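S.K.: Below: one structure in structure tokens.
Laboratory data are not the source of any read-out in this text; all were calculated from the coordinates shown. Just so we're clear, the structure is a prediction, and the values are computed from it rather than from any experiment. Please note: Cβ atoms are built from the backbone with ideal geometry, for glycine as well, and neighbour counts cover all protein chains shown.
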Amino acid sequence: MRIEALSKCGLRQRRAEEEIMKILMIHWYYPPQVGGVETLLQMWGEQLTAKGHQVTILAASLSDRDEIQQEKDPRIVRLASFDPAKKDPHILAQFRESIHNFFDENRFDIIHLHNMFAPLTPLRTTLVFEQGIRHNIPMLMHSHCMNDSEMGKLMISLSWDDAIFVSKWHRKETTNLNIPFKRTAVIYNGVTVDFFQREKGNREKIRQQIHSTPGEKIVFWPSRIVNPDGRPTTRKRLATLLKAGARIKEKTDKFKIMLMASAYGDEAVQRQHLGAFDDLMKVNDLHKNIVLLNTAHDYSFIRDAYAACDIMCLPSVNEVFGLVFIEAMAMEKIVVGAKSGALPEIVDDGENGYLIEPDDDRQLAELILDIFELDEKEKSAIGERARAKVVENFSTERMIDETIRIYREFVPL
């Protein structure tokens, strides 16, 4: 009987070990570096680890040295030579050696890569792909943005075992590029709905920081002013919001447009780049209604910013998803976007938010003025429906479950 009991115990242990997957997730950057993909990567790592899987995240180092954070769950491996900004041939040769040694020293069941098709770094992507082939590890390429450059198309068309997209629109637009994928899947991005709750946000903290007066409406634009290359952003359509702001000011002066800073650089740099929009901000002295929110704080700061605003507005075009929309909707805020890209998959126009025609600043101004006039009961009803949509469709739990389901197609029990 004792032998039989030990045998059953050993069998259970072996089954438990078989259920545990050794997962390698790869992206150029990881927190504290800021970005939507970085935030999602942290969620994946932490929640997959919480489910008992062994997760390693490979990213660029924050310094000129390789760094391994063994004490953390998940384990973080940062390679100095992995930084896409470093293109010196010596650094690339160093990465070739480092990535070869890394795969020889570690065993993984599956590799989950994120946006590894940047045209600036094709050699690094190819070297990672070669290691996956050499060790016979299934590789999933997760695309979080559009990349229709010739080099980008070449990188994403490598023989990945699965190509994952963040929306149906994103998959459709990419497959229209005639890229020969083995197979494709869609996993919607998710947010931690328990974290993004209206009552957990510190509304007054932000309103005091921006010197908001009683009764003043706040329109929040939660995106970067400049791109990583230092050029003013265009796809996010800050210009459309500023043009609408000038129109709004013809009707009322009791509002502020709150812009987010420090996503790529400090506040002084952001203010310098904001100068690219000076001509638009001069119309009707709109610059007096613009505030630059310093976001060099912990992640709860973005939650406070959502709590402080009356409207979250990002009229960008061709968004492959729109993470800030589901964050704001989870906070029961009224969101305004454009009828473009994947946003119609997230926002039901007139039901749990609003969508304008792309680049229509007149329509945007009229819509924002109408929202200003809504009573609390009407705003609450829209906010409640918005949060319900997120809880049902865009939670991190759903995102993780869908991810594991795809993993299991390559790493069966």
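S.K.: Where both partners of a DSSP beta bridge lie in the chain, what percent of those bridges are antiparallel, to the nearest 5?
M.R.: Numbers: 4 of 49 bridges.
Bridges in the chain that DSSP calls antiparallel: roughly 10 percent.
S.K.: In region 198-393, what percentage of the DSSP-assigned beta bridges are antiparallel, given to the nearest 5?
M.R.: Numbers: 1 of 20 bridges.
If we restrict to bridges inside region 198-393, about 5 percent are antiparallel.
S.K.: Just want the ordering: Asp375, Asp109, from fewest to most Cβ atoms lying within 10 Å of their own Cβ.
M.R.: Values: Asp375 7, Asp109 16.
Fewest to most other Cβ atoms nearby, the residues stand as Asp375, Asp109.
S.K.: Measure nothing but the geometry: give the 0 to 90° angle between the long axis through the Cα atoms of 2-19 and the longest principal axis through the Cα atoms of the chain, rounded to 10°.
M.R.: 50
S.K.: Return the lysines within reach of Lys377: Cα separation strictly under 27 angstrom, same-chain partners fewer than 8 residues apart disregarded; answer none if there are no such residues.
M.R.: Lys200, Lys205, Lys217, Lys249, Lys251, Lys254, Lys256, Lys333, Lys339, Lys389
S.K.: Quick one: go through region 46-90 and flag any residue whose amide nitrogen is under 11 Å from the point 7 Å out along the Cα-to-Cβ line of Asn101.
M.R.: Correct set: 66.
S.K.: At R0 = 35 Å, how high is the FRET efficiency between Ala276 and Ile20 if r is their beta carbon distance? Nearest 0.05 is fine. Kindly include the intermediate steps, with their values, before the conclusion.
M.R.: Numbers: r = 50 Å, r/R0 = 1.44.
Rounded to the nearest 0.05, the efficiency is 0.10.
S.K.: Extending each Cα 7 Å along its Cβ direction at Asp109 and Phe410, get the distance between those two points in nm, one decimal.
M.R.: 1.3
S.K.: Could you state the per residue volume, in Å³, of the convex hull enclosing the Cα atoms of the chain?
M.R.: Working: hull volume 67.2 nm³, N = 413.
Taking only Cα atoms, the chain has a hull volume of 163 Å³ per residue.
S.K.: Per residue, what volume in Å³ does the Cα convex hull of region 198-393 take up?
M.R.: Working: hull volume 21.9 nm³, N = 196.
Hull volume over Cα atoms, normalised by residue count, gives 112 Å³.
S.K.: How long is the gain from Arg362 to Tyr299 if the chain were fully straight, where each residue apart is worth 0.36 nm and the alpha carbon distance is subtracted?
M.R.: On the way: separation 63, 0.36 × 63 = 22.68 nm, distance 3.38 nm.
Result: 19.3 nm gained on full extension.
S.K.: Right, here's the next one. How large is the helix-only mean residue ellipticity at 222 nm for the chain, computed as the sum of -39500 (n - 2.57) over DSSP H runs with n ≥ 4, divided by its residue count, in deg cm²/dmol to the nearest 500? Please report the intermediate quantities before stating the final value.
M.R.: Values: 16 runs with 176 residues, N = 413.
Dividing the helical sum by the residues of the chain leaves -13000 deg cm²/dmol.
S.K.: To the nearest 10 degrees, how steeply does helix 36-50 sit against the main Cα axis of the chain, on a 0 to 90 scale?
M.R.: So the inclination is approximately 50 degrees.
S.K.: Could you grab the relative contact order for the chain? Cα pairs under 8 Å, six or more apart, rounded to a whole percent. Show your work: numbers first, answer last.
M.R.: Details: 716 pairs, mean separation 57.8, N = 413.
Across the chain, relative contact order equals 14 percent.
S.K.: Here's another thing I want to ask about it. Can you tell me, using C-alpha contacts under 8 Å and at least 6 residues apart, the relative contact order of region 296-383 as a whole percent? Provide the component values of the computation, followed by the final result.
M.R.: Numbers: 110 pairs, mean separation 23.1, N = 88.
It rounds to 26 percent for region 296-383.
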